[in-house]
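Remarks on the structure that follows.
The values are calculated or read from the model by the stated rules, or taken from the named source; none is laboratory data. Bear in mind the structure is a predicted one, so any value in this text is a computation, not a measurement. Using ideal geometry, Cβ is built from the backbone for each residue, glycine included, and neighbour counts are taken over all protein chains shown. These accessible areas exclude ligands, DNA and RNA; they are computed on the full protein's heavy atoms, side chains included. Shrake-Rupley method; radii C 1.70, N 1.55, O 1.52, S 1.80 Å.
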Amino acid sequence: MPPLTSPLAAFVRDVPDFPKAGILFKDITPLLADAEAFGEAVAAMAQPALTLQPTHVLGLESRGFIFGSALAQKLGVGFVPARKPGKLPRPTHHEAYGLEYGSDALEIHTDAFGPGDRVLIVDDVMATGGTAAAAGRLVKLTGAQAVGLTVFIELASLPGREQVEGLPVFSVLRY
């Protein structure tokens, strides 16, 4: 587990009471604005995934799209977006989940993956694990296998790891 003093931690801003009172939001926009730091973050997220031999990356809306597409390119595999309901144009699988501040749902196309596909789930932050767990259920609905979850930030004080049902979890920063 990387120490909080990782140089990449300097590119994360805390925003209190966003999106609602009591939530301490981790703002990664300074990281995204620095090409070198973002490249280091993507490399750090990709390294543990190499042994998993994914065939696809599933990026979770919306900041997971940023990390996920970069990781897919680095790993030489396909990218699939997991979107909020109603955003995809063809038939979808739908999974609802809880957040630390409410509830939501994700969808993927029914033909996004198939048997034999090995899917790496990617997001910017893992908090309660609800989004990642829903993504894992979506992958399973297609007949594919979720092989791991990689995130830039893990909020270790929250039960995210317990929610992803034994899926290997890799994080660059842990708070």
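Looking only at residues that are of a type in the set (G, A, S) and surrounded by fewer than 20 Cβ atoms within 10 Å (Cβ to Cβ) in segment 123-175, which one is farthest from I108 (Cα to Cα)?
Once the filter is applied, the top-ranked residue is S157.
Sort out which residues of segment 27-66 are open to solvent by 10 Å² or more (accessible area, probe 1.4 Å), assigned to a strand (DSSP E or B) and in contact with a Leu (Cβ under 8 Å, 6 or more places away or on another chain), and write them in order of number.
Result: H56, single match.
I need the full set of residues from segment 135-161 which are modelled with pLDDT of 95 or more and more than 26 Å from A43 (Cβ to Cβ), in order please.
R137, L138, K140, L141, T142, G143, listed by residue number.
Quickly run through segment 7-21 and pick out the residues that are without any contact (Cβ under 8 Å) to a residue 40 or more places away in the chain, assigned to a helix (DSSP H, G or I) and either aliphatic (A, V, I, L, M) or open to solvent by 80 Å² or more (accessible area, probe 1.4 Å) (or both).
Selection gives P7, A10.
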